[in-house]
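The values are calculated or read from the model by the stated rules, or taken from the named source; none is laboratory data. In this text the structure is predicted, and so the values were computed from the model without any measurement. Cβ: placed from backbone, ideal geometry, glycine included. Neighbour counts: every protein chain shown. Areas reflect the complete protein model, heavy atoms only, side chains present, ligands, DNA and RNA absent. Shrake-Rupley method; radii C 1.70, N 1.55, O 1.52, S 1.80 Å.
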Amino acid sequence: MAAYYPEKPSTEQKAEMKQFFSIFSNFYPCNYCAEDLKNQLKESPPKTDSQKELSQWLCRVHNNINRRLGKKEFDCSKVDERWKTGWKDGSCD
């Protein structure tokens, strides 16, 4: 979703994206994760000024959760390559 967010979003798109994450946190199936996401949204609201800002913000949020769960972090410099343009070596996931 963040990979295809506009590079120059309208005021309405920015507001809707922020609202999406707020609503999403209310319906996340894991209560522990939902509360964690709500706290992260309070501490660091979504960065919605561009596709790059939103993608990097979401990657950081995802990595915060991965750290808490003891999972490997994703290299945020590769967000577009992973979700939008494809791996540079032409491989699939």
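Points worth noting:
- Residues 89, 80, sorted by accessible area with the largest first, give 89, 80 [1.4 Å probe; ligands and nucleic acids excluded].
- The structure shown yields Rg/Rh (Cα atoms, Kirkwood Rh), and of the options (i) 0.99; (ii) 1.10; (iii) 1.16 that calculated value carries the label (i).
- Calculated [θ] (222 nm, deg cm²/dmol) that DSSP helices of n ≥ 4 give over the chain, each run adding -39,500 (n - 2.57): -17500 deg cm²/dmol
- Qualifying chymotrypsin sites (Phe, Trp or Tyr not before Pro) for the chain [loop in DSSP, other Cβ within 10 Å: at most 14]: 74, 87
- Among the trypsin sites (Lys or Arg not before Pro) found in the stretch 1-58, not one is both in a DSSP coil and sparsely packed, with 11 or fewer other Cβ atoms within 10 Å of its Cβ.
- The chain - percent relative contact order, Cα under 8 Å, separation 6 or more: 32 percent
- Subset of 8/47; 42/84; 8/72; 18/52; 18/71 violating a 24 Å alpha-carbon distance limit: 42/84; 8/72; 18/71
- The longest part of the chain holding none of the exposed loop GluC sites (Glu not before Pro), meaning those outside H, G, I, E and B in DSSP with at most 16 other Cβ atoms within 10 Å, is 8-72.
- The chain, accessible surface, carbon-and-sulfur percent (1.4 angstrom probe): 53 percent
- Rolling a 1.4 angstrom probe over the protein heavy atoms with all chains in place gives the chain an accessible area of 71 Å² per residue.
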